[in-house]
Amino acid sequence: MTEHPRPPVPTEERHLPEVDAGRLWAGGLATALVAALIVIVAAFVIQAFVTIPVVPPLGATHLGDMVTLAYALLAALAAIAATGLLHVLLVATPRPLLFFSWIVALTTVVAVVTPFLAAASRNSQLITAAINLVVGIAILSLLNGVGLSAVRRP
């Protein structure tokens, strides 16, 4: 007795996960706020306790410095970009959170190494690298959780 191959299942019946875009982007915006606040709070704490410039070679050293605010905005934009990436991966790839984690982790490594390419003191480079590491970890961990909560399985 031979087995007949099953006909292909129409796309509607494949039980693909649905992405709740509203939930995903709300979580992405919240992550952007956290990323920006990490930079601002770090700059504030560093200014309160040490006299090391936060952003080499530009020398943002205190809360309210325009460069510190630009740095915070850049961290927020990184979180928004990561949310966009996560959205694409959730709808288009198998194991999207694994790919997302690798991409964000490798991008974080670049952000951590970048301050060491600037002409600045070693302490300034270390402080900036540490802030970049914390921002990267925050984006990775928060958006992984957001990604899990934004996927609805039929």
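Give just the number: which of (1) at pLDDT 95 or above; (2) aliphatic (A, V, I, L, M); (3) crowded, with 20+ Cβ neighbours inside 10 Å does Val109 not satisfy?
(3)
State which residue is modelled with the lowest pLDDT when the search covers only region 135-150 and only residues that are of a type in the set (A, V, I, L, M, F, W, C) and surrounded by fewer than 17 Cβ atoms within 10 Å (Cβ to Cβ).
Filtering region 135-150 for residues that are of a type in the set (A, V, I, L, M, F, W, C) and surrounded by fewer than 17 Cβ atoms within 10 Å (Cβ to Cβ), the one modelled with the lowest pLDDT comes out as Leu148.
Residue under question is Thr51, and the condition is that it be surrounded by fewer than 16 Cβ atoms within 10 Å (Cβ to Cβ), among the hydroxyl-bearing types (Ser, Thr, Tyr) and modelled with pLDDT of 65 or more; does it hold?
In short, yes.
Counting only residues that are under 19 Å from Phe44 (Cα atoms) and in contact (Cβ under 8 Å) with a residue 40 or more places away in the chain, which one in region 116-129 is farthest from the chain's Cα centre (by Cα)?
Residue satisfying both the conditions and the ranking: Asn123.
The values are calculated or read from the model by the stated rules, or taken from the named source; none is laboratory data. Only a predicted model underlies this, so the values are computations on that prediction, with no experimental measurement involved. Cβ sites come from the backbone with ideal geometry, for glycine too, and all protein chains shown count toward neighbours.
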